[in-house]
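What follows is a set of notes on a single structure, which appears directly below.
The values are calculated or read from the model by the stated rules, or taken from the named source; none is laboratory data. Everything quoted here is computed from the prediction, not taken from an experiment. Cβ sites come from the backbone with ideal geometry, for glycine too, and all protein chains shown count toward neighbours.
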Amino acid sequence: MSSIYAPNTFAGIYASCPVTHLDEGKIAWAGREFAPHELAIRDVAFHAERIGCPIFLEHGTGDTTVNYESHTKALVSKLHSAGKKVLVRYYEGMKGENII
């Protein structure tokens, strides 16, 4: 999120198993309701065109806490369509805690 709101500050961004938006499961964890504008401001893919530096992402495909398809894979698709420099690595069958 920092690279979205300060796009000229960072030389690069790295995220492992990133939560890119608040889906129903993450909202339930928070234990409170979010207004539409609160959800929108936390949606990295929605604001992807604002990122001004290269991005490196990694995610285990067996992650049951943060689904790689709806978070990392969807973000990568949006970054590519926005013409952003992105490198992604998926670890087949691994969970997030096994990556770090």
If we ask which residues in the stretch 85-100 are surrounded by 17 or more Cβ atoms within 10 Å (Cβ to Cβ), at pLDDT 90 or above and more than 14 Å from the chain's Cα centre (by Cα), their number turns out to be 1
The condition from (1) out of contact with any Lys or Arg (no Cβ under 9 Å at 6 or more places or on another chain); (2) free of Cβ contacts under 8 Å to residues at least 40 places away in the same chain; (3) surrounded by 12 or more Cβ atoms within 10 Å (Cβ to Cβ); (4) not polar (S, T, N, Q) that residue 18 misses is numbered (2)
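If we scan the stretch 47-65, do we find a residue that is charged (D, E, K, R), in contact with a strand residue (DSSP E or B) (Cβ under 6 Å, 6 or more places away or on another chain) and at pLDDT 95 or above?
Residues of the stretch 47-65 that are charged (D, E, K, R), as a first pass: 49-50, 58, 63.
Still in the running and in contact with a strand residue (DSSP E or B) (Cβ under 6 Å, 6 or more places away or on another chain): 58.
Still in the running and at pLDDT 95 or above: 58.
Yes, the conditions are met somewhere in the stretch 47-65.
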Per the filter on the stretch 53-70, residues in contact with a Ser or Thr (Cβ under 7 Å, 6 or more places away or on another chain) and either of a type in the set (Asp, Glu) or part of a loop (DSSP other than H, G, I, E, B) (or both) are 53, 58, 68
